[in-house]
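Heads up, the thing below is written out as structure tokens.
The values are calculated or read from the model by the stated rules, or taken from the named source; none is laboratory data. All values reported here derive from a predicted model rather than from experimental measurement. Glycine gets a Cβ as well: all are built from the backbone with ideal geometry, and neighbour counts include every protein chain shown. For the accessible areas, the whole protein counts, side chains as well, though only heavy atoms, and no ligand, DNA or RNA atoms are used. Shrake-Rupley method; radii C 1.70, N 1.55, O 1.52, S 1.80 Å.
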Amino acid sequence: MEIAAQLPPAPPDTSWRIYFRPSTLPFWLIHAVAIAGVVAVGWSWWGLGLAVLSYFVRMVIVTAAYHRYFSHRSFKTSRVFQFLLALGAQSAAQKGVLWWAAHHRWHHKHSDTSRDVHSAKLTGFLYSHVGWILGSAWDDTDEKAVADLARFPELRWLNRPSIALLPAVALGALCLALGGPFGFVWGFLVSTVLLWHGSFSINSLSHMFGQRRFATEDDSRNNWLLALITTGEGWHNNHHHYQSSANQGFYWWEIDVTFYVLRALQALGLIWELRRPPAETLAQVA
């Protein structure tokens, strides 16, 4: 089913019911098991360090793959490395790459309008943060919106609902095999919960708090703290001003860890043609 054919009502359903559908049980269960797991294995600075390490490694993959590559095609790579990027991104348990990219492209096309997927301005923090994901209105993938990606059968396969979570399941199994209950709880469960809310904060908080350098038509904002938490995504007003740039921190003082990793991958020959904003674009400040 195409996204355009299943637009939510205006205003969308933001009632409590969407948060507690049967299909949302795994989402809440992982939160509960993560908390119970920490109680069971005990608090540990080593555990927290493991969770933070797993969080930031996967955050870079999410932002580099789901966002900058699959959604905005801000660089080029081989078909093999493209598949590896998709596998790595889906270890975050944020659905398939086609689903993610299609909805994100729709967000940019209709940002902060009544047709937006997640507008904090119009639907409030909670819905823009997680409600739109838990509700049923945006469950399907519009492959026409990502025709450039859907032509690859391996990406369509990864995007299947029955397959999309397998990379995350595999990572959880690896953490359990290598680190036992301690590794599973801190390296996978706690890390995954933190990763979800770190990623989702860009949909919500980056349209609520921060500075607006560029006069975009939406309410996107730059926030240095969110940029640190999300390895560069917090320079959100920059991004909405020039969406296809591989770097979202436009100036040297705007820390963008994901871009630094992309530069390293380019030096290794794994990716190429990183797109950057032209000088005239940077000059168009509000």
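Here Ser78 passes the criteria (1) closer than 18 Å to Leu228 by Cα; (2) surrounded by fewer than 21 Cβ atoms within 10 Å (Cβ to Cβ) except the one numbered (1). For Ala147, the stated conditions hold: it is free of Cβ contacts under 8 Å to residues at least 12 places away in the same chain, small (Gly, Ala, Ser) and either part of a helix (DSSP H, G or I) or open to solvent by 40 Å² or more (accessible area, probe 1.4 Å) (or both).
Residue-wise test of (1) over 16 Å from the mean Cα position of the chain (by Cα); (2) open to solvent by less than 50 Å² (accessible area, probe 1.4 Å).
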residue: Asn223; (1), (2): yes, yes
residue: Thr230; (1), (2): no, yes
residue: Glu233; (1), (2): no, yes
residue: Asn238; (1), (2): yes, yes
residue: Gln248; (1), (2): no, yes
residue: Val261; (1), (2): yes, no
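Residues in the stretch 79-117 that are in contact with a His (Cβ under 6 Å, 6 or more places away or on another chain) and of a type in the set (Phe, Trp, Tyr): how many?
0
Pairs linking a residue in the stretch 242-263 that is over 17 Å from Pro278 (Cβ atoms) to a residue that is at pLDDT 95 or above and basic (Lys, Arg), with Cβ atoms under 9 Å and 6 or more positions apart or on different chains, are Thr258/Arg68; Leu262/Arg68. Kindly establish whether Ala147 is more than 18 Å from Leu226 (Cβ to Cβ) and small (Gly, Ala, Ser). Taking the combined requirement at face value, the residue satisfies it.
From the list Ser199, Ser244, the one residue that fits, being open to solvent by 10 Å² or more (accessible area, probe 1.4 Å), in contact with a helix residue (DSSP H, G or I) (Cβ under 8 Å, 6 or more places away or on another chain) and among the small types (Gly, Ala, Ser), is Ser199. When Met208 is tested against the conditions (1) touching a His at 6+ places or on another chain (Cβ under 8 Å); (2) under 23 Å from Arg115 (Cβ atoms), the lone failure is (1).
Could you list, in sequence order, all residues of the stretch 37-53 that are under 30 Å from Gln266 (Cβ atoms) and surrounded by fewer than 20 Cβ atoms within 10 Å (Cβ to Cβ)?
If we filter the stretch 37-53 for residues that are under 30 Å from Gln266 (Cβ atoms), which is where we start, we get 49-53.
Across the stretch 37-53, the qualifying residues are Gly49, Val52, Leu53.
A single entry from Phe27, Phe56 fulfils the requirement of being closer than 28 Å to Pro277 by Cα, open to solvent by 10 Å² or more (accessible area, probe 1.4 Å) and touching a residue at least 24 places away in the same chain (Cβ under 8 Å): Phe56.
Within the stretch 93-103, can one find any residue that is more than 18 Å from Arg68 (Cα to Cα) and either small (Gly, Ala, Ser) or touching a residue at least 24 places away in the same chain (Cβ under 8 Å) (or both)? No, that holds for no residue. Suppose the filter is more than 20 Å from Phe259 (Cβ to Cβ), among the β-branched types (Val, Ile, Thr), in contact (Cβ under 8 Å) with a residue 24 or more places away in the chain and surrounded by 21 or more Cβ atoms within 10 Å (Cβ to Cβ); does Val193 pass it? When the stated conditions are applied, Val193 does not pass them.
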